[in-house]
Amino acid sequence: MKPKSVDKARKPRFAKLDYHFGIKLVAFPSADQKTTIRHNSDAARFVYNEFVALGREAWHLRRLEKSLFQNQACSTNPGWFEQPIKLVAARLAVIGDQLYNPTHLKRRFKWLDKNKRLDSMMFYATLNFYRASWHMFRQIHSAGVPKFHKKSDRQRYSTLKTNNNIRILDQKHLQIPKLGKIRVVKLPDWLLNRTDIEIGGAAVKMDAIGRYSISLTLGSEQAFKDALPKTGSKVGIDVNVENLLTDSFGEVVENPRFYQKQLQRLHREQRKLGKRAARAKQEHRPLRMAKNYQKQRQVVASLHRRVYNQRQNFLHLVSTALIKNHDLVVVEKLQGKNLLKNHALAQRLQDVGWGILFENLAYKAELYGKGFVQVDPRLTTQTCHRCGFVMGRAGTRKLTLADRIWVCPQCQTKHVRDHNAAINILNKAVA
Ligand SMILES: [Zn+2]
């Protein structure tokens with residue numbers, strides 16, 4: 001089932017604006033607003049999962065068809081499967097097309113229509129998410145086919161702007177569909193003073209410790225920040241397992257210690273949580289009734305939040321410094337390469353770190369009028385930047401993670417592996 005574009009007229013116009021910006025605001029909903037948020041979050045998850053179920057069924061069907069075709073040679077009755085598969089696929093496509101229209105969706109699931117707390121634009125936003133997750137899968141296969149959203153301690157849903165349904169009321173209040181006037185933390189002056197800024201949509205969230213936030217997507221024809229002065233400098237970045245990054249000037253940015261410490265503590269508290277869950281299970285108590293488990297869950301959730309925040313702050317500092325000091329920042333494309341290495345949790349977290357760092361660099365480059373390029377990382381580690389000799393060729397052995405320093409067999413230059421790789425990465429973009 002191929003999702004179709006449902007909101008052709010509205011969304012592209014906002015996407016076509018020259019500049020985009022996101023802002024996250026802590027929110028303080030009333031008890032009634034909290035109920036509405038929960039209902040919308042539940043409905044968004046339900047709709048998303050309905051689509052994932054349909055989409056995955058269709059995807060598996062196509063795979064089955066493919067593999068049957070490949071085995072057709074050994075079949076005595078070739079093509080016997082064609083008809084039934086086509087029938088099922090056609091039925092799935094019809095259901096999918098129908099459901100892609102929120103009116104049909106509500107007709108099929110009556111409770112969605114009856115619940116007056118549900119925001120109709122939430123359905124469109126959810127369908128957009130679904131479409132985006134398949135798009136992601138097609139582009140980067142390692143992202144996996146879209147997964148079901150599990151019921152969790154968190155809540156979230158998104159909504160889209162139409163006819164001024166989302167707007168800023170005053171310095172401390174937003175208007176959000178179905179929630180009405182909702183209090184948020186004080187809005188920044190620049191946002192209130194500018195008349196050129198449009199709101200594209202809003203994401204309403206509650207985290208695992210029960211704190212609420214509203215993220216607004218903003219767009220404008222004018223830049224959100226003044227361009228930073230040009231420095232005439234270009235830099236290549238190599239990311240690796242031992243530290244956060246090495247740049248083409250040979251500077252190394254280590255992973256911060258405080259983060260590792262928090263991580264150790266997080267592991268300890270998570271083990272404790274596991275034990276409490278096991279004990280509750282042994283005593284046949286449901287987890288939501290197990291007080292000690294719930295208390296520990298809060299501890300783990302706030303630690304997660306703290307680790308996340310510290311990481312985020314650190315990555316912001318690093319990315320801002322890079323964008324400020326250089327006109328062009330070049331990094332490698334992450335896909336594939338790091339998946340091979342990420343067997344341990346720490347490394348997985350580090351991968352996430354790089355992903356966030358690169359995202360930060362991309363949007364800050366746009367925000368401050370600088371350049372950001374991602375290049376194919378192939379051979380950047382193995383090539384000598386001086387003479388272009390490639391290790392592993394002409395009878396030489398390939399460099400491994402253990403070779404931190406090496407000498408080029410052709411030009412005899414002594415290289416620090418990551419520094420050399422960072423220079424190659426820069427050169428790939430400049431060439
Ligand atoms: Zn060389």
Next on the checklist: Checking L334 against (1) part of a helix (DSSP H, G or I); (2) at pLDDT below 90; (3) closer than 30 Å to S248 by Cβ: exactly one of these is not met. Which one?
Outcome noted: (1)
Item to check | One residue from N420, N360 being open to solvent by less than 40 Å² (accessible area, probe 1.4 Å), within 14 Å of the ligand (Cβ to nearest atom), not in a loop (DSSP other than H, G, I, E, B) and not hydrophobic (A, V, I, L, M, F, W, C) | outcome: N420
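Look at R156 and say whether it is open to solvent by 60 Å² or more (accessible area, probe 1.4 Å), basic (K, R) and out of contact with any Leu (no Cβ under 7 Å at 6 or more places or on another chain).
Working: open to solvent by 60 Å² or more (accessible area, probe 1.4 Å): yes; basic (K, R): yes; out of contact with any Leu (no Cβ under 7 Å at 6 or more places or on another chain): yes.
Considered against the rule, which asks whether it is open to solvent by 60 Å² or more (accessible area, probe 1.4 Å), basic (K, R) and out of contact with any Leu (no Cβ under 7 Å at 6 or more places or on another chain), R156 comes out as yes.
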Checklist outcome for this item: By residue number, the members of the range 380-398 that are open to solvent by less than 50 Å² (accessible area, probe 1.4 Å) and either away from the ligand (no atom under 13 Å from the Cβ) or in contact with a His (Cβ under 6 Å, 6 or more places away or on another chain) (or both) are T380, T381, G392
Checklist entry - Do we have any residue at all in the range 402-412 that's more than 12 Å from the ligand (Cβ to nearest atom), assigned by TED's automatic domain parsing to the domain that holds S319, under 30 Å from T320 (Cα atoms) and open to solvent by less than 40 Å² (accessible area, probe 1.4 Å)? => result no
Item to check | Condition check for G210: closer than 30 Å to L187 by Cβ, at pLDDT below 90 and not aromatic (F, W, Y) | outcome: yes
Checklist outcome for this item: When L179 is run through (1) under 26 Å from the mean Cα position of the chain (by Cα); (2) in contact (Cβ under 8 Å) with a residue 40 or more places away in the chain; (3) surrounded by 17 or more Cβ atoms within 10 Å (Cβ to Cβ), the failure sits at (1)
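The values are calculated or read from the model by the stated rules, or taken from the named source; none is laboratory data. The structure presented is a predicted model; accordingly, all values stated were derived computationally and were not measured. So basically every Cβ, Gly included, is an ideal-geometry build from the backbone, and we count neighbours across all protein chains shown. The accessibility values were calculated without ligands, DNA or RNA, using every heavy atom of the protein model including side chains. Shrake-Rupley method; radii C 1.70, N 1.55, O 1.52, S 1.80 Å.
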